Amino acid sequence: MIIQKEIILSPKSRGFHLITAEILTNLTELKSFSKGFAHIFIKHTSASITVNENADPTVRADMETFFNRAVPESDIRTFQHTLEGPDDMTSHIKSSILGSSVTLPVTDGSLNLGTWQGIYLCEHRNRGGSRRLVVTIYGE
Amino acid sequence: MIIQKEIILSPKSRGFHLITAEILTNLTELKSFSKGFAHIFIKHTSASITVNENADPTVRADMETFFNRAVPESDIRTFQHTLEGPDDMTSHIKSSILGSSVTLPVTDGSLNLGTWQGIYLCEHRNRGGSRRLVVTIYGE
Amino acid sequence: MIIQKEIILSPKSRGFHLITAEILTNLTELKSFSKGFAHIFIKHTSASITVNENADPTVRADMETFFNRAVPESDIRTFQHTLEGPDDMTSHIKSSILGSSVTLPVTDGSLNLGTWQGIYLCEHRNRGGSRRLVVTIYGE
């Protein structure tokens, strides 16, 4: 059994956002699967998807702090792809470090995540707008 | 055909560990699949899973050296999520850089890895304890 | 329905290369799938696979600039795995940061990528030679 659908996320500010609930609201089909997995793919190259801590918002703030330091916008001086501003090439880099998709196990009609895990949308642009996901669930 | 199971790894010290054999011991079902893939997911946000060199233990040591320098514990001065100590937020960051799952091709009853590839458990905490994986194999 | 095949890429120079067209030429089976996903796995530990911008070649050049700075070859002074030269351990590190596979949605016989997305082969060695992929497509 396979289902596939596009989900358009509400626009997010730059930074790391917990989107587990927003995804689940759009994935009522999940409860038909006893076991399988869900693949969540983002159709953009300046935002990314990852799994991380779901409880304390300061984790998301510290992720933003870290990645802004690790991939600094001042690097624009050393880049060639600069027309869209200092947050563009850095966003491409962050998206490849963090990844454009996550694959998650599905068990008994739910995402089989650890107690402290959630899904993050990582918005790397200052004004990224709505982001489009393709979710594919495969299983029985 | 799909199988799904949880595997509890033996506790590992902080660092990078080759766990291909420990996983295969718990995946005798693999030999029933002629082609497909295996998804290995870790249910934690301070340890991660990656694929890397399977032969020379110094690769694992150098990975630990590099990531401790790239994501230094001294960064705690700039973080808000600090209650669990200096190895906590750094572990969350490393887990998103390295990833919470790997997907591997399965061919003729085995993982279809390159000659030099193995599966790593990356334990980022000083005392991470046992780590829980969910493995899903899909194929025919 | 599942298909699985190996693809041997033409040798690439060190750096980031757009390989979407080279993969599609070898994946005519894709058009038989109305929905599903494609898993593209690289059987090496010193090259990697990622998704990023498909239009402007300077993005690929800037990716190489960034990762050479983030994972510098001068680090060899601090590594133990040094026999194969300064571009070896750095290649292992880059391959785990960027990842050994991508999973992409398949819809209506095509890869369901965003307008600006393409598949990159990231060649981290000075002389990496031909790289071998395993592609598994699953769906209906």
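Where a number appears in this text, it was derived from the coordinates with a stated rule and is not lab data. Please read these numbers as outputs of a predicted model, since none were measured by experiment. Counting neighbours? That spans all protein chains shown, and the Cβs are built from the backbone with ideal geometry, glycine included.
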Cross-link reach list, lysines versus B:LYS94, counting only Cα pairs under 27 Å and skipping chain neighbours closer than eight places: A:LYS12, A:LYS43, A:LYS94, B:LYS5, B:LYS12, B:LYS43, C:LYS43, C:LYS94
Nearest 10 degrees, 0 to 90: helix A:57-70 Cα axis against chain A principal axis: 40
Over the protein assembly as shown: Rg over Rh, Cα atoms, Kirkwood Rh: 0.92
Residue (of A:SER34, C:HIS39, B:ALA61) at the positive-pole extreme of the protein assembly as shown, dipole from beta-carbon charges: A:SER34
In Hz, Karplus ³J(HN,Hα) per residue of the range A:133-140 (6.51, -1.76, 1.60; θ = phi - 60°; x = Gly, Pro): 10, 10, 10, 10, 10, 10, x, 9
Cβ-Cβ FRET estimate between C:MET1 and C:ARG77, R0 fixed at 51 Å, reported to 0.05: 0.50
Euclidean distance between Cα centres, the range A:89-140 to the range B:4-31, Å: 25
Label-point separation, A:THR115 to B:GLU64 (7 Å along Cα→Cβ), nm: 2.7
Angle in degrees between helix A:86-98 and the longest Cα principal axis of chain A, rounded to the nearest 10: 40
Per-residue average of Cβ from other chains inside 10 Å of A:117-127: 1
Student exercise, chain B dipole from Lys, Arg, Asp, Glu Cβ charges, in Debye to nearest 20: 220
Residues A:ASP108, B:ASP75, sorted so that the one with the fewest Cβ neighbours within 10 Å comes first: A:ASP108, B:ASP75
Relative contact order [Cα under 8 Å, 6+ residues apart], chain C, whole percent: 54
Mean separation of Cα contacts under 8 Å, 6 or more apart, over the residue count of the range C:32-96: relative contact order %: 42
Cα Rg over Rh - chain B, Kirkwood: 1.01
Cα Rg, Dmax, the range A:75-139, angstrom units: 16.2, 51
Teacher prompt: C:GLU64 distances to equivalent labels in other copies, 7 Å Cα→Cβ, nm: 3.4, 3.4
Label distances, nm, C:ASN26 versus same residue in remaining copies, Cβ-directed 7 Å point: 3.3, 3.3
Inter-copy label distances at C:ILE8 (7 Å, Cα→Cβ; nm, one decimal): 4.7, 4.7
